[in-house]
Each structure stands twice: as structure tokens, then as C-alpha cells.
Amino acid sequence: MAPARAAVGGAGVPFFARVSPGGWAPTGGPQPRRGDAMNSGQVWRDVSEAADLRRLIRDVPDFPKPGVLFKDITPLLRDASGLALAVELMVQPFRGTHVDVVVGAESRGFIFGTAAAKSLSVGFVPIRKPGKLPRSTRRVEYALEYGTDALEMHADALQPGQNVLIVDDVLATGGTLAACCGLVRAAGARIQAVAVLIELPKLGGRALLGDVPVFSVISYPK
């Protein structure tokens, strides 16, 4: 059966794609090695631009507070082709890299995290706000602009030595994703990488994640 195609930006674009020496191509050949995939971020951003995913992400000025330009992904979520392509581009670098489980924090991390887990044929572990999980949990607090917040994960959700892919919609200041990394490490699991749909590099989130590999489909440098 031929790969499904998504009509995004007025052209049929395969949403099952892989890195190749010449750029990208439909799947069907060998999968990229881990090092090749994680070193090909620019190639994958080019793929997303060719598919015109950016037209499905709209700018909302002064939300949630004055001076903030919010990236609204709800048009992408309601677009079947755009959503399928976005998830596929997020997970492709990690096919064949022995991901055991995907972890995501509420709430938008649940959207992309469960979709990524299904696509990789692995399980999903939710990270939630305090008081939302029914059994014994691990907890990590992290700093906000004013005050602190916390995230929790079931104490038995991960096993020591498991390879974990952490997924979210956006990497901005990095506080939430850094807290997720802390919870994964506290469980004795290994962080394979962080994968996000959108990265806002000017906010410095990568620095807060230290040596954790980060893969982003779309980057807004300004």
C-alpha cells in the first residue's frame, strides 16, 4: 500500500517521511540511525516548511498577558492532514532508536504525547499537576516568573533503565520540560530526547534542559 498523503499547502505531501542524504523521502527504506536523525534538525524543519505547517499556527497578540505573542495551535489540531503530518515529523527521528515509553505533561503534552506513543507503538505516561493522580507520586517543583509550580508522576510509572522520549507542544522558557526531565531521572529512567512541535529559541529553554537532546519541528527565532 502506498503511503498516505496529506493535502497541506495545496500539494500532496507524504506524512510518512525519513531523512535521506538528499533531504527527505517517503518511508519504505531503512530507518535513520539515531545519530543521523538527531543531527538532521534543519532537514526536518525544511520538511515542515515545505508542508506549510506554519500556516496552521496563528499568532495571537497580548495573550495570555500584554506583550506576549501566543502561538495558537488549535487550527493545526482541527486540520486532519496538518495534525497527522505534525505528529509524524515529531516522531520520525526516533523510529528504530529503542524508545520504550513516551512521557508528556498536561495538557497539550497529552495531545502530542499520546499520538506520538501510538505512532511509535509504545506506551504513554502522563505527568500531571499536583493532586490529580490517585496513587503514590514523585513530585518536582519548578520556578515561574512569580512563584513556583509543581508536577507529579506516579512513582511506579517508569522502570529504571527505560528509554524515555519526552513530548510537548512547545519549548519556551523550559521550566515545564525541565521538571519532566527531573521526574524521569528520579525514576531511574534514561531520557532519550525531548521532542516538541514548536521551539521559541529566544526564550532560552534549551539551556535549562542541559545536555538533553532537543528536537523541534518548527523554530521561531524572533
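The values are calculated or read from the model by the stated rules, or taken from the named source; none is laboratory data. Model, not experiment: these values are computed from the prediction. Methodologically, a virtual Cβ is constructed for each residue, glycine included, from the backbone with ideal geometry; neighbour enumeration extends over all protein chains shown.
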**OP:** Could you pull out every one of the strands (runs of 3 or more DSSP E) wholly within the range 55-145 that has 2 or more residues that are small (Gly, Ala, Ser) and closer than 17 Å to Leu165 by Cβ?
**Re:** 101-105
Original post:
Taking the stated definitions as given, is Leu158 of a type outside the set (S, T, N, Q) and within 22 Å of Asp100 (Cα to Cα)?
Top reply: yes
**OP:** Please enumerate the residues belonging to the range 134-155 that are surrounded by fewer than 14 Cβ atoms within 10 Å (Cβ to Cβ) and hydroxyl-bearing (Ser, Thr, Tyr).
**Re:** Ser136, Tyr146, Thr148
Original post:
Going by the conditions given, is Leu144 within 18 Å of Thr176 (Cα to Cα), touching a helix residue (DSSP H, G or I) at 6+ places or on another chain (Cβ under 9 Å) and without any contact (Cβ under 8 Å) to a residue 40 or more places away in the chain?
Top reply: yes
Original post:
Failed condition for Pro221, given (1) crowded, with 17+ Cβ neighbours inside 10 Å; (2) more than 22 Å from Val91 (Cβ to Cβ); (3) in contact with a Pro (Cβ under 6 Å, 6 or more places away or on another chain), with all others met?
Top reply: (1)
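Report yes if some residue within the range 113-122 is modelled with pLDDT of 95 or more, under 18 Å from Ile73 (Cβ atoms), surrounded by fewer than 18 Cβ atoms within 10 Å (Cβ to Cβ) and touching a strand residue (DSSP E or B) at 6+ places or on another chain (Cβ under 7 Å); otherwise report no.
Yes, the range 113-122 has at least one match.
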**OP:** Inspect the range 69-76 for any residue being at pLDDT below 50 and either β-branched (Val, Ile, Thr) or surrounded by fewer than 21 Cβ atoms within 10 Å (Cβ to Cβ) (or both) and give the result as yes or no.
**Re:** no
Original post:
Taking Thr176 and the conditions (1) in a helix (DSSP H, G or I); (2) more than 18 Å from Gly204 (Cα to Cα), which numbered condition does it fall short on, given that it satisfies the others?
Top reply: (2)
